[in-house]
Amino acid sequence: MNIGIDKLSFYVPNLYLDMTDLANARDTDPMKFHVGIGQDQMAVNPVSQDIITFGANAAAAILSQADKEQIDMVIVGTESGYDSSKAAAVIIHHLLDIQPFARSFEIKEACYGATAAIKMATDYVRSHPERKVLVVASDLSRYGLHSDGEPTQGAGAVALLISKDPRVLVLEDDSVFFTNDIYDFWRPVYEEFPLVDGPLSNETYLQSFATVWAQHKKQTGLTLEDYAALCFHIPYTKIGKKALLSIAEETDEKTLERLMAQYEESITYSRRVGNLYTGSLYLGLISLLENSSSLEAGSKIGLFSYGSGAVSEFFSGYLVEGYQNQLHSVEHQELLDNRKQLSIEDYENVFSESLPNDGQSVSFADPVPYSIEKAENHIRYYRTDN
């Protein structure tokens, strides 16, 4: 039985900051951001939008009424949950009016959570082939104003519908996963922003990729020549390129050139969005599918997932005939193009806004289909299109 991604889409908030403006404001050479880390723009969220509204907007773009009747699970991968008990998936399930006899829960392991969700979803569909699972990867990547991590922030969500006979990507049963107890990036419950050891994080990312890639080759016999493209978790777009180049000696120049060209297509959207944490790998997959002109049915795609702390996984899938018909290229391009550019002053003001933490009431008039309508008595109430 073929199981995999039947539909997929992403959503980012309607505000962004140009990285040249950020570099100038922080007395930094803009090329350090545009070339050094590979970022051109950074998504910024207003206080009236959060991981729930991101996820609901991303999923609403792909779900039909029939899908909502067939979905048995809603799983949210996130490391940005605002409630330590109630899962964002429960609220998204309600906002999207998905049939009530469903499981809804969150998975957390830094940026790896959505991959764990997809694997769980795949196993469920294998046992229940007439049912579907909605996986949402939704996050706010925030390191703080003037912090070292500030240029690698971002916000948004990716939604994926997992089913049998998928119309986009069939997932192979060839995963290799690896766990290593490392403190490269973590956020204790009492900290507003994560604690980061940047050099160790980069080193661990690259070592984790080398480890699962080597084991995957050993177990499957597959080499770089077997792949049409490789997609990576991309907290910033330069790091995936470093990972790919780290195994460049394993293939010929023509194959490497082909894979590097596809990698550039896979980071087109991320260069304009920034870090989506759990959604970064899958934003890269969408970017690849919607910007590459050389992929075709049967093309094999490798995917490297990484979550600090650290858990990593390498797995693969192949494209289905007519996969292009399930993409939302025009809508995604319009979403990115129609955002409002913020000045540094406006960005810093928006970044510093927060919902009341004392239960006081506040209301919003955000026109986004799914957004926070008000917060009152420590509860967020959401505007919907239902």
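The values are calculated or read from the model by the stated rules, or taken from the named source; none is laboratory data. Keep in mind the model is a prediction, meaning the values are calculated, not measured. With ideal geometry, Cβ positions are generated from the backbone for all residues, glycine too; neighbour counts draw on all protein chains shown. Areas reflect the complete protein model, heavy atoms only, side chains present, ligands, DNA and RNA absent. Shrake-Rupley method; radii C 1.70, N 1.55, O 1.52, S 1.80 Å.
Things worth noting here:
- Efficiency of FRET from Cβ geometry, Asn24 and Asp83, R₀ 30 Å, rounded to 0.05: 0.20
- Å³ per residue enclosed by the Cα convex hull of the range 64-128: 91
- Summary of packing: across the peptides 55-68, 213-226, 16-29, the per-residue average of other C-beta atoms within 10 Å ranks them, highest first, as 55-68, 16-29, 213-226.
- Per residue solvent-accessible surface (Å²) - the chain, probe of 1.4 Å: 42
- Apportionment of accessible area to carbon and sulfur, the chain, percent (1.4 Å): 48
- Considered as an equivalent ellipsoid built on the Cα gyration tensor, the range 37-178 has semi-axes of 27, 18, 14 Å, the largest given first.
- Gaussian network model of the chain, Cα within-10 Å springs - most flexible of Ser287, Ser84, Ser48: Ser84
- Percentage relative contact order, the chain, counting C-alpha pairs under 8 Å, at least six apart: 24
- Seen through its C-alpha gyration tensor, with square-root eigenvalues sorted a ≥ b ≥ c, the chain comes out oblate because a/c lies at 1.5 or above while a/b is not bigger than b/c.
- Descending principal axes extents, the range 93-153, alpha-carbon based, whole Å: 50, 24, 13
- Inter-centroid distance (Cα atoms) of the range 332-386 relative to the range 33-68, Å: 13
- Taking every alpha-carbon pair within the range 87-245, the share separated by more than 24 Å comes to 47 percent.
- Between the C-alpha center of the range 294-311 and that of the range 219-258 there is a gap of 10 Å.
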